[in-house]
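Structure first, commentary second.
Please treat every number below as a calculation from the coordinates, not as lab data. Predicted, not measured: the structure shown is a model, and the values here were computed from it. Positions of Cβ are backbone-derived with ideal geometry, glycine not excepted, and every protein chain shown enters the neighbour counts.
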Amino acid sequence: MSHAKRLGPTSILAVASLVLPPLGSIALFTYMNPIGNWFRSHATEGIALYAIGFAVLSGLALLPTYASAVLGGWAFGFEVGFIASLFGFSGGALIGYHIAGLAAGDRVEQLFRERPNWLAVRNALLESGFLKTLLIVTLVRLPPNSPFAATNIVLGSLKVNRLAFVLGTLFGRAPRTGVVIYLAVQLRDQLASDAANRVPWWYWLVSMGIAGIAMAVLYQIGKRGLKRATGR
């Protein structure tokens, strides 16, 4: 039996988490200006609705987080947009985490238990104490190209420590969110969708460096775990 069939609903969620967010971003950027104007004109309730909408739509993999961050910066400015986005990230991560946990059940754990090498890497990454799990989640979330919804599904299916999951999400996603919101604020007199296309060259250079470092650290952690398990 293939891994996809054994994972059941989790495999469907994984595909949806990669396909649906880009489609949601097209819809959001099409109506970004009227939506942003509405949020801005409704002050306190607008901020609350924005954070709740961010959490629900990102948690259900219907909208990518960078698009929601652009909206927050364009509608509310840097300080308010950044804080509201962090609340949205936290809520979205928890929603995705629990959906993945319910869909996966014990399927993912069973699959790992049947493959000692996979299990050794998994344990090294996620069962070495709270601080190490926090570091790993932060590293996974840190690269700007790390898919938010898909990562929720993977980590939720593996049932990582919930607090480390949320804190790691905040620490890892905060830098990129800050940059995106800053750009959105700078371009708020133009179409808000321009903020997603006016990323400076150094942002991508730094992003590739961060992604490389994160992958190298995760590789070394997993390699040491596998070596301890197999004695090789």
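Spin-label point model (7 Å from Cα, Cβ direction): what's the residue 182 to residue 38 distance in nm?
Roughly 3.1 nm, to one decimal.
Please list, in order, the residues from the stretch 127-153 whose amide nitrogen is less than 15 Å from a point placed 7 Å along the Cα→Cβ vector of residue 163.
From the stretch 127-153, the list is 129-135.
Please give the contour-minus-distance gain from residue 131 to residue 102: 0.36 nm per residue of separation, less the Cα-Cα distance, rounded to one decimal in nm.
Extra length from residue 131 to residue 102 when fully extended: 7.9 nm.
Expressed as a whole number of Å, what is the distance separating the alpha-carbon centroids of the stretch 35-54 and the stretch 126-160?
29
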